[in-house]
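> Okay, here's the structure, questions in a sec.
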Amino acid sequence: MTPEEKLAELGLTLPPVPAPIANFVTHVEEGSLLFLSGQGPRNHDGQMATGKVGAGVSVEEAYEHAQLTGLNLLAVIKHALGDLGRVERVVKLLGMVNADPLFCDHPKVINGCSDLMVAVFGEKGRHARSAVGFGSLPGQITVEIEAIVKIAKD
């Protein structure tokens, strides 16, 4: 089953590729690696999920926001490579959580994105990862995640 077929089986669709919000590009391809700039929880209608995790936003809600962020990352990958099937491996994720200072379940939040990558790519979706808390994120979004992906040789 292709990654796109797995997304359809999960009932998920890729959102439009988000435009950068500052002076950077959405991705850079260098050799066999694709570096993705941080993405946030942007819905298909362009709305961003905002708030402070642990103070008004639950772990469960933030998990869904991380999954949505993963969909945005997948949209950028498809835009960059033309086909999600060209992903040889999800190498690394850096997950940032807009968290209350006493919040300590950052890994549970970023699992939303990690679980999506494994569901879509299988073993190729297993990756190294960091999940950290921040005092704020751009636009007060709940999560931001960046990725490094290995591209399959043609």
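The values are calculated or read from the model by the stated rules, or taken from the named source; none is laboratory data. Because the structure is a prediction, the values reported are computed rather than measured. As a convention, Cβ positions derive from the backbone with ideal geometry for all residues, glycine included, and neighbour counts pool all protein chains shown. Surface accessibility is based on the protein's heavy atoms, side chains included, excluding ligands, DNA and RNA. Shrake-Rupley method; radii C 1.70, N 1.55, O 1.52, S 1.80 Å.
> Go through the range 145-154 and give me each residue that's open to solvent by 40 Å² or more (accessible area, probe 1.4 Å) and either touching a strand residue (DSSP E or B) at 6+ places or on another chain (Cβ under 8 Å) or closer than 22 Å to Met117 by Cβ (or both).
Answer for the range 145-154, where residues must be open to solvent by 40 Å² or more (accessible area, probe 1.4 Å) and either touching a strand residue (DSSP E or B) at 6+ places or on another chain (Cβ under 8 Å) or closer than 22 Å to Met117 by Cβ (or both): Glu146, Ile148, Lys150, Lys153.
> In addition: Against the conditions (1) in contact with a Ser or Thr (Cβ under 6 Å, 6 or more places away or on another chain); (2) surrounded by 17 or more Cβ atoms within 10 Å (Cβ to Cβ), where does Gln140 fall short? Just the number, please.
Single failed check for Gln140: (2).
> Among Pro101, Pro107, Pro41, which is the only one that is of a type outside the set (A, V, I, L, M, F, W, C), at pLDDT 95 or above and in contact with a Leu (Cβ under 8 Å, 6 or more places away or on another chain)?
Going through Pro101, Pro107, Pro41 in turn, just one is of a type outside the set (A, V, I, L, M, F, W, C), at pLDDT 95 or above and in contact with a Leu (Cβ under 8 Å, 6 or more places away or on another chain): Pro41.
> Let me ask you something else. Go through the range 115-136 and give me each residue that's touching a Gly at 6+ places or on another chain (Cβ under 8 Å) and free of Cβ contacts under 8 Å to residues at least 24 places away in the same chain.
Answer for the range 115-136, where residues must be touching a Gly at 6+ places or on another chain (Cβ under 8 Å) and free of Cβ contacts under 8 Å to residues at least 24 places away in the same chain: just Val118.
> Can you tell me which residues in the range 24-55 are open to solvent by less than 70 Å² (accessible area, probe 1.4 Å), of a type outside the set (S, T, N, Q) and farther than 26 Å from Lys153 by Cα?
Across the range 24-55, the qualifying residues are Gly40, Pro41, Arg42, Gly46, Met48, Ala49, Gly51, Lys52, Val53, Gly54, Ala55.
> Taking the condition of being under 17 Å from Lys108 (Cα atoms), more than 13 Å from the chain's Cα centre (by Cα) and open to solvent by less than 40 Å² (accessible area, probe 1.4 Å), how many residues in the range 59-80 meet it?
Qualifying residue count, the range 59-80: 1.
> Looking at the range 6-23 only, could you name the residues that are open to solvent by less than 80 Å² (accessible area, probe 1.4 Å), at negative phi and not charged (D, E, K, R)?
Listed by number, the residues that qualify are Leu7, Ala8, Leu12, Leu14, Pro15, Val17, Pro18, Ala19, Pro20, Ala22.
> For the range 17-37, name all the residues that are under 12 Å from Leu71 (Cα atoms) and touching a strand residue (DSSP E or B) at 6+ places or on another chain (Cβ under 9 Å).
Result: Pro18, single match.
> While we're on this one: Of everything in the range 109-129 that's more than 14 Å from the chain's Cα centre (by Cα) and at negative phi, which residue is least open to solvent (accessible area, probe 1.4 Å)?
Lys124
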